[in-house]
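Colleague: Let me give you the structure first, and then I'll get to my questions.
None of the figures in this text is laboratory data; all of them are computed from the coordinates on show. All figures in this text were calculated on a predicted structure; none of them were measured in a lab. Don't worry about glycine lacking a Cβ; one is built from the backbone with ideal geometry, like all the others, and counts go over all protein chains shown.
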Amino acid sequence: MKLTKFGHSCVRLEKDLKVLVLDPGSESDVDSALSGANAVLITHEHADHFDAARVMPLLEANPGVTIYAPKTVADAIRDQASASLAQRVKVPAVGEPFDVAGFGIDAFGGQHAVIHPLIPVVANLGYLIDGKVFHPGDSFTVPEAVATSQLEVLLVPFQAPWSKTAEVLDFVISVRPARAFPIHDAMVNDRGRAVIEKHLASISARFGTSYQNLESGVGVEL
């Protein structure tokens, strides 16, 4: 499996000539990420994870793509979509694994991390792909299936309005994957990144995790 990040929280997975894309949002290179995609997984409704204005035309132009998203996102897509695309939009059932484009998917339901009590909380789905790669969306919740498995890759929300570095570190410690790569990092500058990465690299290593930055457009083999 090849994993490529295309900015912020957008990740493209390729295996056996099939392509799975997660969270093509406003801070991402969605054109490159979605090129030839067979399936798209969306964690939640925020624009930095699903940029409807840019992504909908690409989905309409690709008759072979299937979309999985929380109900609120799925309903919004169906409202805008052609009849053909609307039929290809599905809502994952938590606790019911499914296969799409040759990838095995487990969806874990919950809510977006709290930003502030005055800001409404939205639904958030985390996705475990082939039992190897976990994309949590905007949440530090660790599902039991992830906590008890020997996860190969954790995609770590690096910096956000809803988090602090201590929580990022505790998330990695709780999961203890073999490798950790950053997502949700479009809002941090180079100086801030260096500080956070220093802590992530040193503390992750103490718990058996190799942390590595992942530049946009650069793929890694898993």
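Colleague: Sorted from largest down, what three extents in whole angstroms do the Cα atoms of the stretch 93-156 have along their principal axes?
Modeller: Extents along the principal axes: 40, 22, 17 Å.
Colleague: Pull out the extension gain between ALA83 and ASP190, defined as 0.36 nm times the separation in residues minus the alpha carbon to alpha carbon distance; nm, one decimal.
Modeller: Once the chain is fully extended between ALA83 and ASP190, it gains 34.1 nm.
Colleague: Can you give the local net charge around LEU200? Use residues other than it whose beta-carbon is closer than 14 angstrom to its beta-carbon, Lys and Arg +1, Asp and Glu -1.
Modeller: After counting each charged neighbour, the total is +2.
Colleague: Semi-axes of the equivalent ellipsoid for the stretch 1-59, please: Cα gyration tensor eigenvalues, times 5, square-rooted, ordered largest first, whole Å.
Modeller: Calculated on Cα positions only, the semi-axes equal 18, 11, 9 Å.
Colleague: Have a look at VAL142, ALA180, PRO157 and report the one farthest towards the positive end of the charge dipole of the chain, computed about the Cα centre with Cβ charges (Lys/Arg +1, Asp/Glu -1).
Modeller: Positive-most Cα among the choices belongs to ALA180.
Colleague: Restricting to Cα pairs below 8 Å that are 6+ residues apart, what does the relative contact order work out to for the chain? Please round to a whole percent.
Modeller: 17 percent
Colleague: Considering only the chain, what is the antiparallel percent among its DSSP beta bridges, to the nearest 5?
Modeller: Of those bridges, close to 60 percent are antiparallel.
Colleague: Residues with amide H under 5 Å of ALA180's amide H, sequence separation 5 or more or different chain, H placed in the peptide plane at 1.01 Å from N; which?
Modeller: LEU154, SER210, TYR211, GLN212
Colleague: Okay, next question. Taking only Cα atoms and a 10 Å spring cutoff, compute GNM fluctuations for the chain and point out the largest among PRO63, PRO24, PRO157.
Modeller: In this elastic network of the chain, the residue with the biggest mean-square fluctuation among PRO63, PRO24, PRO157 is PRO63.
Colleague: Got a sec? Which residues in the stretch 1-23 would a label at GLN212 touch, if it sits 7 Å along Cα→Cβ and we count backbone N under 11 Å?
Modeller: Under 11 Å, as judged by backbone N against the label point of GLN212, lie 3 of the stretch 1-23.
Colleague: Could you list the square roots of 5 times each eigenvalue of the Cα gyration tensor of the chain, that is, the equivalent ellipsoid semi-axes, sorted largest first and rounded to whole Å?
Modeller: In descending order, the three semi-axes are 27, 18, 17 Å.
Colleague: Label ASP99 and THR141 with points 7 Å out from Cα along Cα→Cβ: what is the distance between them in nm?
Modeller: Calculated label separation equals 2.8 nm.
Colleague: Hey, another quick one. Give me the net charge for the shell around LEU41: Cβ to Cβ below 12 angstrom, other residues only, Lys and Arg +1, Asp and Glu -1.
Modeller: Residues close to LEU41 contribute a combined charge of 0.
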